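Here's the structure we're looking at; comments come further down.
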Amino acid sequence: MLWLNRRWAERSTQNKPFLEAVVNRPAMRTMATKRDYYEVLGVPRTAGSEEIAQAYRRLALKYHPDRNPNDPEAVEKFKEASEAFEVLHNPEKRQIYDRYGHAGLEGGGAPQFRDIEDIFDAFSDIFADSIFGDLFGGFRQRRTRRRAQPGADVRCDLTIDLLEAAQGTTKTIRFQRREICPHCNGSGAKPGTQPESCRYCGGVGQIVQRSGFISIQTTCPACRGAGVVIRETCPECRGEGTVQKQVQREVRIPPGVDTDSRLRLEGEGDVSLRGGPRGDCYVFITVREHPFFRREGQHLICQAPISYSQAVLGATIQVPTLEGHVELTIPPGVHSGEVFRLRGRGMPDPRYRGRGDLLVEVVIDVPKRISAEHERLLRQLAEIEHAEVTPRRKSFLEMLKNLFTPSADSESKEKKR
């Protein structure tokens with residue numbers, strides 16, 4: 001186990017020579033030469049959890065790297081004490097250590113601190129009071145400030161028609177995003193001036209409020225987490241450091257998209273003022289309604305009007321599809337509302353191969369106005385239909401007759417009364 005790794009050493013510029021010396025040293029202790037954890041913390045084997053915590057607190061304050069700059073021995077002892085506390089404050093690891101010693105912690109039970117930052121991440125929330133909390137919390141705050149934050153995401157709305165959604169297309173979109181202000185170069189300060197370090201939080205961007213053993217960390221209200229205060233703002237961006245700018249991009253729409261589909265353009269969002277990457281641009285798609293087709297998922301539905309004679313005799317009609325007209329055979333005796341399926345004539349699926357179906361619903365079209373000849377023929381047809389009633393219609397008429405005609409039993413009951 002190394003006390004410090006090269007990643008932390010490379011990020012530190014103030015103590016770089018000292019840290020490189022520590023990193024290049026061999027591993028501090030082997031399993032055979034490790035000191036007893038109770039001896040490291042200076043507590044008896046019967047010590048309780050509070051006594052162990054207090055002992056670690058004293059040693060951590062004494063050997064903290066911020067209090068002992070350029071002192072490799074202090075860093076070693078700080079690491080050693082943290083390793084001992086990590087085992088002894090955990091009941092399960094402590095029980096294994098009491099029975100088997102250091103050998104019992106091999107293969108997963110031993111502390112895995114890669115560097116000093118791991119210690120701060122592990123224990124900064126355990127001790128939040130007094131100076132100890134300041135040391136651990138302050139280090140975390142400095143890390144938070146150094147962490148690059150990406151820019152904000154932006155939204156762009158795009159409307160396409162159904163044919164474009166089915167075939168896929170390339171569209172030019174225009175949207176607004178934040179760019180670095182060219183007048184102040186992103187500082188937000190008036191040209192010729194510089195932002196000042198926030199006196200309220202000391203340039204950290206965070207403040208810690210304590211009440212007894214409770215510690216709450218919040219964003220500094222004076223600088224809003226920036227760590228700096230601008231006395232004279234840039235007249236162009238008004239202290240924001242960024243300005244709105246319209247950009248134009250081409251976006252490829254894949255086949256099969258639907259309303260509320262969302263496309264992500266990586267790195268096309270707002271610029272970051274803290275050294276992070278740009279945000280993303282999300283394109284929200286709306287598909288216009290089609291005059292012929294109604295969409296249900298990957299299927300398309302359309303209505304095909306037919307005449308009474310076509311419904312009775314059958315016919316071959318033309319129906320529209322996304323690729324053009326196709327012929328559909330209507331069998332004789334079809335009823336209004338029957339649906340015929342044309343497989344593979346629907347919308348493509350953007351996630352899988354294949355396409356949906358086209359569902360053709362036939363509707364018998366009854367004309368409101370007819371010619372005299374048409375009326376004459378229909379009246380002849382009506383006379384024929386009245387004389388030659390179909391079995392289905394005959395049963396329906398008999399049901400109507402029985403519904404309004406008294407039965408023989410009811411008539412006999414009336415006579416007895």
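The values are calculated or read from the model by the stated rules, or taken from the named source; none is laboratory data. Computed from a prediction, not measured in an experiment: that's the story for all the values here. Ideal geometry is used to build each Cβ from the backbone, glycine not excepted, and the neighbour counts take in all protein chains shown.
Name the residue that is nearest to the chain's Cα centre (by Cα), counting only residues in region 148-163 that are of a type outside the set (Lys, Arg) and part of a strand (DSSP E or B).
The selected residue is 154.
Scan region 69-83 and give yes if some residue there is buried (at least 18 other Cβ atoms within 10 Å of the Cβ), of a type in the set (Asp, Glu) and modelled with pLDDT of 75 or more, otherwise no.
Yes - at least one qualifying residue is present in region 69-83.
Conditions (1) in contact with a Gly (Cβ under 6 Å, 6 or more places away or on another chain); (2) under 17 Å from residue 40 (Cβ atoms); (3) touching a residue at least 12 places away in the same chain (Cβ under 8 Å), marked per residue:
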residue: 57; (1), (2), (3): no, yes, yes
residue: 60; (1), (2), (3): no, yes, yes
residue: 66; (1), (2), (3): no, no, yes
residue: 69; (1), (2), (3): no, no, yes
residue: 77; (1), (2), (3): no, yes, yes
residue: 82; (1), (2), (3): no, yes, yes
residue: 86; (1), (2), (3): no, yes, yes
residue: 90; (1), (2), (3): no, yes, no
residue: 95; (1), (2), (3): no, no, no
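Given 297, 314, which one is under 19 Å from residue 366 (Cα atoms), of a type outside the set (Lys, Arg) and surrounded by fewer than 17 Cβ atoms within 10 Å (Cβ to Cβ)?
Residue meeting the stated conditions: 314.
Tell me which residues, restricted to region 290-316, are without any contact (Cβ under 8 Å) to a residue 40 or more places away in the chain, part of a loop (DSSP other than H, G, I, E, B) and either of a type in the set (D, E, K, R) or within 21 Å of residue 258 (Cβ to Cβ) (or both).
291, 292
State whether the residues of region 275-282 include one that is outside any loop (DSSP other than H, G, I, E, B) and assigned by TED's automatic domain parsing to the domain that holds residue 171.
Yes; the residues of region 275-282 include at least one that is outside any loop (DSSP other than H, G, I, E, B) and assigned by TED's automatic domain parsing to the domain that holds residue 171.
Of all residues in region 164-206, count the ones that are aliphatic (A, V, I, L, M) and either touching a helix residue (DSSP H, G or I) at 6+ places or on another chain (Cβ under 6 Å) or under 30 Å from residue 261 (Cβ atoms) (or both).
Residues that pass the stated criteria total 4.
Cβ-Cβ below 9 Å, separation at least six or inter-chain, first residue in region 148-161 and over 25 Å from residue 254 (Cα atoms), second not in a loop (DSSP other than H, G, I, E, B): which pairs?
Pairs found: 151/177; 151/178; 151/242; 152/177; 152/178.
The rows are residues; the columns are (1) modelled with pLDDT of 85 or more; (2) more than 16 Å from residue 273 (Cβ to Cβ); (3) in a loop (DSSP other than H, G, I, E, B); (4) in contact with a His (Cβ under 6 Å, 6 or more places away or on another chain).
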residue	(1), (2), (3), (4)
192	yes, yes, yes, no
204	no, yes, yes, no
218	no, yes, no, no
231	yes, yes, yes, no
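Please enumerate the residues belonging to region 44-63 that are crowded, with 19+ Cβ neighbours inside 10 Å and either in contact with a Leu (Cβ under 9 Å, 6 or more places away or on another chain) or modelled with pLDDT of 90 or more (or both).
Matches in region 44-63: 52, 55, 56, 59, 60.
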